[in-house]
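Asker: Provided herewith is a single structure, encoded as structure tokens, for subsequent inquiry.
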Amino acid sequence: WFTVEPQDVLAVRGNSALLNCSAHSDAATPARVEWKKDGTFMSLVSDERRHILPDGSLFFTHVVHSKHNKPDEGTYQCVATIDNLGSISSRTARLAVAGRSLVSIAATFASQPSPATVRLGDSQVMACEVNADLVPFARWEKDRQPLEPSGRLLQLPSGALVISNASEADAGLYRCLVENVGSSKASDEAQLQTTPETGEDRKPEFLVQPVPVAKVAGSSVLLPCVATGYPAPHIRWMLGDKPLEERYERHGHFESNSSLIVLTPRSHLFSTVPPQFVKRPANIYAHESMDIVFECEVSGSPAPTVKWVKNGDAVIPSDYFKIIHNLQVLGLVKSDEGFYQCLAENSAGNIQSSAQLIILDHGTPLTNTSPGPTPSAPRDVVASLVSTRFIKLTWRPPAEPHGDDLTYSVFYSQEGTSRERVVNTSRPGEMQVTIQNLMPDTKYRFRVVAHNSNGQGESSTALKVATQAEVQVPGPAPNLQAVSYTPTSVALSWDKPLTGNGEILTYKLYYTDKSGGNEQDVDIDGQSYTMTGLKKNTEYSFRVVANNKHGPGVSTEDVTVRTLSDVPSAPPQNLTLEVQNSKSIMLRWQPPPLSGQNGEITGYKIRYRKGPRRSETAETTGGTQLFKLIDGLERGTEYSFRVSAVTVNGTGPATEWTTAETFESDLDESRVPDQPSSLHVRPLVNSIVVSWTPPENQDIVVRGYTIGYGIGSPHAQTIKVDYKQRYYTIENLDPSSHYVITLKAFNNLGEGIPVYESAITRPQSVPDPTPMMPPVGVQASVLSHDTIKVTWADNSLPKNQKITDNRYYTVRWKTNIPANTKVKMANTTSLNHMVTGLKPNTLYEFSVMVTKGRRTSTWSMTAQGTTFETIPSSSPKDVTVVSKENKPRTIIVNWQPPSEANGKITGYIIYYSTDVNAEVHDWVIEPVVGNRLTHQIQELTLDTTYYFKIQARNSKGMGPMSEAVHFRTPKSEFQPRDPDRGGTDGEPLLLTDSRSGCFQHVSAHSPSQLITIAVGAFIIIVVVVGAFLCTRRTTSHQKKKRAASKSSNGSHKYKGNSKDLKPPDLWIHHERLELKPMDKSPEPNPVMTETPIPRTSQDITPADSGLESNPHLQQRRNSYRGQPPTTAPPPRRRRPATPATCRRTAPPTRTPTPTRSRASPCPPSPPPDTRRTSRPPCPARRCWLRPVGAPHTHTHTHTHTHTHTQTCCVHFTDRGTSRAGPPTHPHVVKTASIGTLGRTRTPMVVNVPNAPDVPETSKMLEDVDSSYEPDELTEEMAHLEGLMKDLNAITTAP
């Protein structure tokens, strides 16, 4: 605001001049002052004559003025600007230059003094009229000496000199001088002579008469009136028709109470009053879309003109800026923020007053509201009625109102504009509103917001509605009149619209109960209607809309009428009786409910009777008096009372009879009252609320209470209150002061014993300062998975954004996941802040506010940032393993995602093993896609404990493994077995070698069984040879692929389909019995078999049917090569195939043993199935084949010690399925070559594939026929003979 504003200045050419101006600002940066001349900003950068002083004043070193160059003369105005806030302009001031050159006497003086003669005691006027701008520079000389004005010598505004009551000393030479800028011009000299009075009568004659003049109120005015005559005339002034007896000043011959008036010249004095503010505009805090009004009321004469300025620029009236003295801004937008000034001007002067408009964020309440939830968005906003110039909206309450008595605001804007208007509902709970004064055939956008005690809630979804075109619908119905003839009806009439645009079909009459009711409507065929069933003495508004075939037309303006009053329809409420003494009873009541008053209550009628008598006595009260003391009653008598309300229409119903009995005797007043039983005080800032209870002894009369209070002493002030009063508020106290309070009850005998209490008033709260501007341009830059840098700018700082004061910034951030995350904050004194410790892959919202001293800003707009991903920091949780129903070899692993995934999970890896302490690379791996939380693992070994771990991965890498979860597969595939049961007669025991993973069958069966097994072995050999012949013709390219697949076998044992991998076949050389990978035929599905090769008859052992029942042996059977016997090999998923034969050959031993070892299928074969033949997989898929005779020590403890030679686990193809395709996985088999007895060879590793699912016999024959010539077949049969010899040697060995 301005502390000093410029005033009009009359400057002298060549002299200096000063226009004062100074502005004050509460902002951190001082206001910048600029100047306007004749409405245009002045450029003073290179001006040497004019410059702005530090306080903002404009200084002229010397004023330039000439006839053709007047650069300094004009209207000036200073403008104070605060960056980012706005500008204000001062009042205007005129700089006039009295610098006219005194070229000649004629150009300077309009008239000059002339010689004259004056009688002694008479008056004389010496003429000297100068130009108006030179009057201040005119003066008189007598005999070339300055003439000092006195009571007799007066210089008139025109420059003339009046000499009153002339004396001989007044004779001399007079001249008038005008001095300006060191030069002066003098008029002609005139001789004044004096003569004595002759005594002859002379008629009064006016030498100078008053002329019309205009002066500013409060200033002095001189109305000249000089008369001559003899005797000396007496002059009296009249104001209008009344004599002016006071407040005038005599000059010489001016006399009051004149006895002779011969001339009465008239003069008009025009008093001009400069503008003055009756009501100044005030600062306004508002939200966008609101309508606000800057009030500005001024007075002055003549009536001032008012104009409005925003930030130094004139406000141009428009649809959203309306000026009628006050300035109304409709539908606020952010750009409306700034300083607004009301400028008032008339011929006497001009004034200005400024106010600031601050637009707050929607989250900032306009008033102090209690913290708490705000309503959700209103539901189902619909346009229930659409016309050309109005739209009626209805809606349902929010799903979450968080309170009662909701109010609503409807925001609407025309399509294509950002400026919203707002209309509020008239009362709580109303859920409809009619938007008037819309444009026809125009699209509008509407949204509704609910308010509760905590503030404004969420906005509904925007509803777009277009008004109807007006060209074809009727105009408004003129001359709408509404008259109430009864308390419940209103008669309405109207005329036909002037522009009906066709035949008027119907009229729709809308009416609303102004006391609280929704707008209702009724269809009418004619041009008049009587509305009945209305409420009595209630104000209603009516409007009419005409309808033609195109729809509803333009609505009329609302007409308001109140129905007539009637007698009250309800009795007064809450009638109470209070017995005062033995002869009086006090009645108190409340008015009837508003709906039952039916008019203005003019009084109350009280009827009462004694006992059961029917005769009644009546009393009346005024309309606002709600109590009545009934006295003159009898002692100890019961009285009944009832009260009824009265209007101008009559008396309404009365209350029920209420009884009370007067006392038998009056209370004791022969002693003073006792001490009040309690005294409580509640201090406020400038007051203390005192409450108390009466003395415990109710038999003593209490006439009232005396309250004393003061700072340090209770005797400074004393207040007396009525005896019925129980509380009192002591006002006009000092804040933060210690007051002592006393309370005493009194009656006519005196005051009782006091009770004391003390209290300290609360400190004075300093009004909240104006808020600072919130930071802008908030940005969140993500730096890592747990760090985001927040930067912003502060518009209240200089352009270089350098902080030089003690302000600081508060950064707050939160995430909506989970929803109840608390807001975190941090303070900083710079324009950026590094937020650390965030959660990876999480969206955060940031906002900033600035604090300087007690001033704070609102929160800035939010910025968002999502932290980068990082590897999971926790393992999958809730890992469970269950067996699949009816499939004991299949388990289902279930889990839940990690609680700290730190990104999108792209996959899981399941590790499982039979040894929980095994190295990680020895565990079997099952990959699973990231959207799966369950996985099946098939073909596990029965009665085996497996350990499972799960590891999650995202785009950044692998997370930690879960804790191992163990699971033991069932013991039997078909029937349960006793876990303690071992091998019995006829049931072979299967022993597992810890290094090779092959099985040893030890049995006590007869030699005949050995022969049977030998025959079976022979058949197997034949099958192996056939397989060898089928796979001999393979290309060199397939050999390379097999070599590549062999070399690609890593440390981890991945399971899965290898559809693109063509497995190598098994070639058994007839001389060395060595397993080699051979070229395959081009056939896509070759038949492969895996065949054990016995070397001696001692190695053949009967099948051990009790293998599955012995857990220890089962563990041995399933162990890895080189691992302890308790560990089982990683299971492999494969298709069902024929039973695998795992054999172990024992060399001859010198120790005689009662039993022989025989070769047998590893697991017991299931019963035959006519539909399909299936077999359990061979548990040991990796083994070593050692040459016969190689020493091998068995680690299993048994009653008999045997030395065995290992053979390979070989599988037959599945004959029970016809589905063809590549094998699931190329199994790795480590084997040793087998030569003649006593020869050893270095072991070699061979890849053994699963057999393809094709019929074995037919495929084998087909391959033989297509691949071999007769000579080759003869050669192979010779090789087979050699194998048979070896077989005989085995079977005949002792």
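Asker: What are the pairs, 6+ residues apart or on separate chains, where a residue within region 906-920 that is free of Cβ contacts under 8 Å to residues at least 24 places away in the same chain has its Cβ under 8 Å from a residue that is open to solvent by less than 50 Å² (accessible area, probe 1.4 Å)?
Answerer: That search, which allows pairs on different chains as well, returns Val920/Tyr911.
Asker: Kindly evaluate Ile891 against the criterion of being closer than 30 Å to Gly837 by Cβ, open to solvent by less than 10 Å² (accessible area, probe 1.4 Å), more than 41 Å from the chain's Cα centre (by Cα) and not hydroxyl-bearing (Ser, Thr, Tyr).
Answerer: Numbers: closer than 30 Å to Gly837 by Cβ: no; open to solvent by less than 10 Å² (accessible area, probe 1.4 Å): yes; more than 41 Å from the chain's Cα centre (by Cα): yes; not hydroxyl-bearing (Ser, Thr, Tyr): yes.
It is false that Ile891 is closer than 30 Å to Gly837 by Cβ, open to solvent by less than 10 Å² (accessible area, probe 1.4 Å), more than 41 Å from the chain's Cα centre (by Cα) and not hydroxyl-bearing (Ser, Thr, Tyr).
Asker: May I ask you to list the residues in region 422-455 that are open to solvent by 60 Å² or more (accessible area, probe 1.4 Å) and charged (D, E, K, R)?
Answerer: Applying the first criterion (open to solvent by 60 Å² or more (accessible area, probe 1.4 Å)) to region 422-455 yields 424, 426, 428, 431, 436-437, 439, 441, 443, 445, 453.
Residues satisfying the conditions are Asp441, Lys443, Arg445.
Asker: Considering only region 839-855, state which residues are open to solvent by less than 60 Å² (accessible area, probe 1.4 Å) and in contact with a strand residue (DSSP E or B) (Cβ under 8 Å, 6 or more places away or on another chain).
Answerer: Once the filter is applied, which keeps residues that are open to solvent by less than 60 Å² (accessible area, probe 1.4 Å) and in contact with a strand residue (DSSP E or B) (Cβ under 8 Å, 6 or more places away or on another chain), region 839-855 yields Thr842, Tyr844, Glu845, Phe846, Ser847, Val848, Met849, Val850, Thr851, Lys852, Arg855.
Asker: How many of the residues in region 686-712 are in contact with a strand residue (DSSP E or B) (Cβ under 6 Å, 6 or more places away or on another chain), open to solvent by 30 Å² or more (accessible area, probe 1.4 Å) and among the polar types (S, T, N, Q)?
Answerer: 2
Asker: Just to be sure I understand the filter: pairs with C-beta atoms under 6 Å, separated by 6 or more residues or on different chains, first member in region 571-595 and in contact (Cβ under 8 Å) with a residue 60 or more places away in the chain and of a type in the set (Asp, Glu), second member open to solvent by 40 Å² or more (accessible area, probe 1.4 Å) and part of a loop (DSSP other than H, G, I, E, B). Which pairs pass?
Answerer: Hits for this filter: zero, empty list.
Asker: Scan region 965-980 and tell me whether some residue there is buried (at least 18 other Cβ atoms within 10 Å of the Cβ), basic (Lys, Arg) and modelled with pLDDT of 80 or more.
Answerer: Checking region 965-980: at least one residue is buried (at least 18 other Cβ atoms within 10 Å of the Cβ), basic (Lys, Arg) and modelled with pLDDT of 80 or more.
Asker: Enumerate the pairs (first residue in region 716-745 and under 30 Å from Gln580 (Cα atoms); second residue anywhere and basic (Lys, Arg)) with beta-carbon separation below 8 Å, excluding pairs fewer than 6 apart on the same chain, so at least 6 apart or on different chains.
Answerer: The qualifying pairs are Tyr723/Arg703.
Asker: So, in region 527-548, exactly how many residues are farther than 11 Å from Tyr507 by Cβ and part of a strand (DSSP E or B)? Even if it seems obvious, please write down each step before you answer.
Answerer: Step one: filter region 527-548 for residues farther than 11 Å from Tyr507 by Cβ, giving 530-542.
Those still in the list that are part of a strand (DSSP E or B) too: 530-531, 539-542.
Number satisfying all stated conditions: 6.
Asker: Consider Tyr485 against the criteria (1) at pLDDT 90 or above; (2) under 28 Å from Pro653 (Cα atoms): it satisfies all of them except one. Which criterion is unmet?
Answerer: It fails just one condition, (1).
Asker: Taking the condition open to solvent by less than 30 Å² (accessible area, probe 1.4 Å), closer than 27 Å to Ser387 by Cβ and part of a loop (DSSP other than H, G, I, E, B), does Gly517 pass?
Answerer: Numbers: open to solvent by less than 30 Å² (accessible area, probe 1.4 Å): yes; closer than 27 Å to Ser387 by Cβ: yes; part of a loop (DSSP other than H, G, I, E, B): yes.
Against the criterion (open to solvent by less than 30 Å² (accessible area, probe 1.4 Å), closer than 27 Å to Ser387 by Cβ and part of a loop (DSSP other than H, G, I, E, B)), Gly517 qualifies.
Asker: Give the residues of region 907-926 that are crowded, with 17+ Cβ neighbours inside 10 Å and under 51 Å from the mean Cα position of the chain (by Cα), sorted by residue number.
Answerer: Within region 907-926, Tyr908, Ile909, Ile910, Tyr911, Tyr912, Ile925, Glu926 qualify.
Asker: Could you count how many residues in region 138-170 are open to solvent by less than 60 Å² (accessible area, probe 1.4 Å), at pLDDT 80 or above, out of contact with any His (no Cβ under 9 Å at 6 or more places or on another chain) and part of a strand (DSSP E or B)?
Answerer: Selection size over region 138-170: 6.
Asker: Given the structure, is Ser267 over 38 Å from the mean Cα position of the chain (by Cα), at pLDDT below 80 and polar (S, T, N, Q)? Please lay out each step first, then the result.
Answerer: Values: over 38 Å from the mean Cα position of the chain (by Cα): yes; at pLDDT below 80: yes; polar (S, T, N, Q): yes.
Spelling it out, Ser267 is indeed over 38 Å from the mean Cα position of the chain (by Cα), at pLDDT below 80 and polar (S, T, N, Q).
Asker: Please go through region 286-314 and pick out each residue that is closer than 19 Å to Arg421 by Cα and either among the acidic types (Asp, Glu) or not in a strand (DSSP E or B) (or both). Outline the logic, then answer.
Answerer: If we filter region 286-314 for residues that are closer than 19 Å to Arg421 by Cα, which is where we start, we get 286-294.
Residues satisfying the conditions are Glu288, Ser289, Met290, Asp291.
Asker: Which condition number does Gly218 fail, the rest of (1) closer than 30 Å to Val12 by Cα; (2) at pLDDT below 75; (3) open to solvent by less than 70 Å² (accessible area, probe 1.4 Å) being met?
Answerer: (3)
Asker: Moving on. Which of the residues belonging to region 504-514 are among the charged types (D, E, K, R) and open to solvent by 70 Å² or more (accessible area, probe 1.4 Å)?
Answerer: Once the filter is applied, which keeps residues that are among the charged types (D, E, K, R) and open to solvent by 70 Å² or more (accessible area, probe 1.4 Å), region 504-514 yields only Lys514.
Asker: Let me ask you something else. Within the bounds of region 822-838, is there any residue that is out of contact with any Leu (no Cβ under 9 Å at 6 or more places or on another chain), open to solvent by 60 Å² or more (accessible area, probe 1.4 Å), within 15 Å of Trp859 (Cβ to Cβ) and part of a loop (DSSP other than H, G, I, E, B)?
Answerer: Taking every residue of region 822-838 in turn, at least one turns out to be out of contact with any Leu (no Cβ under 9 Å at 6 or more places or on another chain), open to solvent by 60 Å² or more (accessible area, probe 1.4 Å), within 15 Å of Trp859 (Cβ to Cβ) and part of a loop (DSSP other than H, G, I, E, B).
Asker: Which pairs have Cβ atoms under 8 Å, sit 6 or more apart or on different chains, and link a residue in region 859-874 that is of a type in the set (S, T, N, Q) to one that is open to solvent by 70 Å² or more (accessible area, probe 1.4 Å) and not in a loop (DSSP other than H, G, I, E, B)?
Answerer: Hits for this filter: Gln864/Leu843; Thr866/Leu843.
Asker: For Thr407, indicate whether it is open to solvent by 20 Å² or more (accessible area, probe 1.4 Å), under 26 Å from Phe321 (Cα atoms) and out of contact with any helix residue (DSSP H, G or I) (no Cβ under 6 Å at 6 or more places or on another chain).
Answerer: On the way: open to solvent by 20 Å² or more (accessible area, probe 1.4 Å): yes; under 26 Å from Phe321 (Cα atoms): no; out of contact with any helix residue (DSSP H, G or I) (no Cβ under 6 Å at 6 or more places or on another chain): yes.
In short, no.
Asker: Could you run through region 562-585 and say how many residues are over 15 Å from Val648 (Cα atoms), open to solvent by less than 20 Å² (accessible area, probe 1.4 Å) and of a type outside the set (Gly, Ala, Ser)?
Answerer: 2
Asker: To continue, here is another question. Just to be sure before I move on: is Phe41 among the aromatic types (Phe, Trp, Tyr), surrounded by fewer than 21 Cβ atoms within 10 Å (Cβ to Cβ) and under 48 Å from the mean Cα position of the chain (by Cα) in the structure I sent? Outline the logic, then answer.
Answerer: Working: among the aromatic types (Phe, Trp, Tyr): yes; surrounded by fewer than 21 Cβ atoms within 10 Å (Cβ to Cβ): yes; under 48 Å from the mean Cα position of the chain (by Cα): yes.
In short, yes.
Asker: Turning to a different aspect of this structure: Quick check on my filter: what residues within region 611-661 are within 20 Å of Thr576 (Cβ to Cβ), assigned to a strand (DSSP E or B), of a type in the set (Ser, Thr, Tyr) and within 57 Å of the chain's Cα centre (by Cα)?
Answerer: Hits for region 611-661 are Thr621, Ser644.
Asker: Does any residue of region 878-897 turn out to be touching a Pro at 6+ places or on another chain (Cβ under 8 Å), in a loop (DSSP other than H, G, I, E, B) and within 11 Å of Ala952 (Cα to Cα)? I'd like the intermediate steps shown before the answer.
Answerer: Restricting attention to region 878-897, the residues satisfying the condition of being touching a Pro at 6+ places or on another chain (Cβ under 8 Å) are 883, 888-889, 895-897.
Pick out the ones that are also in a loop (DSSP other than H, G, I, E, B) and you get 897.
Those left that are additionally within 11 Å of Ala952 (Cα to Cα): 897.
Yes, the conditions are met somewhere in region 878-897.
Asker: Provide a single number: the residues in region 758-787 that are open to solvent by 80 Å² or more (accessible area, probe 1.4 Å) and either of a type in the set (A, V, I, L, M, F, W, C) or under 16 Å from Arg807 (Cα atoms) (or both).
Answerer: Selection size over region 758-787: 3.
Asker: Let me ask another. Among residues belonging to region 566-610 that are touching a Phe, Trp or Tyr at 6+ places or on another chain (Cβ under 8 Å) and part of a loop (DSSP other than H, G, I, E, B), point out the one that is modelled with the lowest pLDDT. Walk me through it before giving the result.
Answerer: Within region 566-610, the subset touching a Phe, Trp or Tyr at 6+ places or on another chain (Cβ under 8 Å) is 572-577, 579, 581-582, 585-589, 604, 606-610.
Going one step further and asking which of them are part of a loop (DSSP other than H, G, I, E, B), we end up with 572, 581-582.
Values: Pro572: 93, Asn581: 81, Ser582: 84.
Among them, the one singled out is Asn581.
Asker: Just checking, how many residues over region 713-753 are part of a strand (DSSP E or B) and open to solvent by less than 70 Å² (accessible area, probe 1.4 Å)?
Answerer: Step one: list which residues in region 713-753 are part of a strand (DSSP E or B), which gives 717-722, 727-730, 738-747, 750-751.
If we keep only those that are open to solvent by less than 70 Å² (accessible area, probe 1.4 Å) too, we end up with 719, 721-722, 728-730, 739-747, 750.
Total meeting the criteria: 16.
Asker: Being within 30 Å of Ala482 (Cα to Cα) and over 46 Å from the mean Cα position of the chain (by Cα) is the requirement here; does Asp558 meet it?
Answerer: Numbers: within 30 Å of Ala482 (Cα to Cα): yes; over 46 Å from the mean Cα position of the chain (by Cα): no.
For Asp558, the condition - within 30 Å of Ala482 (Cα to Cα) and over 46 Å from the mean Cα position of the chain (by Cα) - is not met.
Asker: Would you mind stating whether Gly533 is open to solvent by 20 Å² or more (accessible area, probe 1.4 Å), modelled with pLDDT under 90 and at positive phi?
Answerer: Values: open to solvent by 20 Å² or more (accessible area, probe 1.4 Å): yes; modelled with pLDDT under 90: no; at positive phi: yes.
Answer is no for this residue.
The values are calculated or read from the model by the stated rules, or taken from the named source; none is laboratory data. These numbers come from a predicted model, not from an experiment. Cβ atoms come from the backbone with ideal geometry, glycine included; neighbour counts cover every protein chain shown. Keep in mind that these areas ignore ligands, DNA and RNA; they rest on the heavy atoms of the full protein, side chains included. Shrake-Rupley method; radii C 1.70, N 1.55, O 1.52, S 1.80 Å.
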